[in-house]
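Working notes, structure below.
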Amino acid sequence: MDGVHIDDTPGHHRMNITRGFTGRPRAAREGLPPGQYDAGDDWPVLSAEVTPDLSAADWTFRVGGLVTAPRTWSWEEAHRLPAAAYEGDIHCVTGWSKFGVRFGGVSLDAFLDAAGPLPSATHAVAHAHTGYTANLPLADLTGGRAWIVWEYGGRPLTPEHGGPARLVVPHLYFWKSVKWIAGLELLDHDEPGFWERNGYHARGNPWQEQRYSGD
Ligand SMILES: Nc1nc2c(c(=O)[nH]1)N[C@H]1C(S)=C(S)[C@@H](COP(=O)(O)O)O[C@H]1N2
Ligand SMILES: [Mo]
């Protein structure tokens, strides 16, 4: 079966399709983490939830838990923070990677600096307005490596991709990038989110192929 690679690593029962769904084989390229393929122009929608009917006026973003000043931002308040963009690649645990995407919004640092994480804060749970959650080490959310975004390619982020606003943490597998983001709860311990409770890795670094717990 040309183009289909069966992963027979002990303990892993999965199949990696190493070509796009359009059937056009693509050579592995530089910048592609192990076991990933280049999705090209496709941007698959992957949701464990029904796309919510969430307007910008109803969207809020809260930072709470172990912070000195818990805060909630409205759409307008969030837009008054300094604009920031991510231009680069994204990697989904199901196998596709997408090169050279551009997301526009605000660096998560701007929100976290305003809320002031307590020294005891080590992890966060990001949650969606729909109930989806993902856990992340706080260190993966700071230092210009995470964004709250509302634009994709210069246009408003579409609802199925998490609009009005989503989290983007591009150096980790994309399941950490919570769509319809509602807030971050800072904790002094790691607490598994939706996929992490269902067998996925606590951190999800694509360069170390941290797909499943135990990887
Ligand atoms: N709220 C919410 N966020 C979510 C998900 C979800 O089901 N609900 N799915 C995650 C998964 S598994 C992936 S791969 C990406 C997919 O984002 P996309 O649909 O924009 O490609 O969103 C992540 N964020
Ligand atoms: Mo995913």
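Residues Phe99, Phe103: which one is among the aromatic types (Phe, Trp, Tyr) and either open to solvent by 10 Å² or more (accessible area, probe 1.4 Å) or part of a helix (DSSP H, G or I) (or both)?
Step by step, each of Phe99, Phe103 is checked, and only Phe99 is among the aromatic types (Phe, Trp, Tyr) and either open to solvent by 10 Å² or more (accessible area, probe 1.4 Å) or part of a helix (DSSP H, G or I) (or both).
Taking Gly204 as the residue in question, decide whether it is modelled with pLDDT of 95 or more, in a loop (DSSP other than H, G, I, E, B), open to solvent by 50 Å² or more (accessible area, probe 1.4 Å) and touching a helix residue (DSSP H, G or I) at 6+ places or on another chain (Cβ under 9 Å).
When the stated conditions are applied, Gly204 does not pass them.
Which of the residues spanning segment 124-149 are open to solvent by less than 30 Å² (accessible area, probe 1.4 Å) and closer than 9 Å to Leu108 by Cα?
Leu141, Ala146, Trp147, Ile148
Residue by residue through segment 170-192, note down the ones that are assigned to a loop (DSSP other than H, G, I, E, B), more than 10 Å from ligand 1 (Cβ to nearest atom) and either β-branched (Val, Ile, Thr) or buried (at least 20 other Cβ atoms within 10 Å of the Cβ) (or both). Give the derivation first.
Looking only at segment 170-192, we keep the residues that are assigned to a loop (DSSP other than H, G, I, E, B), and these are 170-173, 177-180, 188-192.
Still in the running and more than 10 Å from ligand 1 (Cβ to nearest atom): 170-172, 188-192.
Across segment 170-192, the qualifying residues are Pro170, Leu172.
Could you identify the single residue in Thr68, Thr94 that is within 16 Å of ligand 2 (Cβ to nearest atom) and out of contact with any strand residue (DSSP E or B) (no Cβ under 7 Å at 6 or more places or on another chain)?
Thr94
For the subset of segment 106-137 comprising residues that are in a helix (DSSP H, G or I) and hydrophobic (A, V, I, L, M, F, W, C), which member is nearest to ligand 2 (Cβ to nearest atom)?
In this case the residue turns out to be Leu108.
The values are calculated or read from the model by the stated rules, or taken from the named source; none is laboratory data. Values in this document were obtained by computation on a predicted structure and should not be read as measured data. Positions of Cβ are backbone-derived with ideal geometry, glycine not excepted, and every protein chain shown enters the neighbour counts. What goes into the accessible areas is simple: the full protein's heavy atoms, side chains included, and nothing from ligands, DNA or RNA. Shrake-Rupley method; radii C 1.70, N 1.55, O 1.52, S 1.80 Å.
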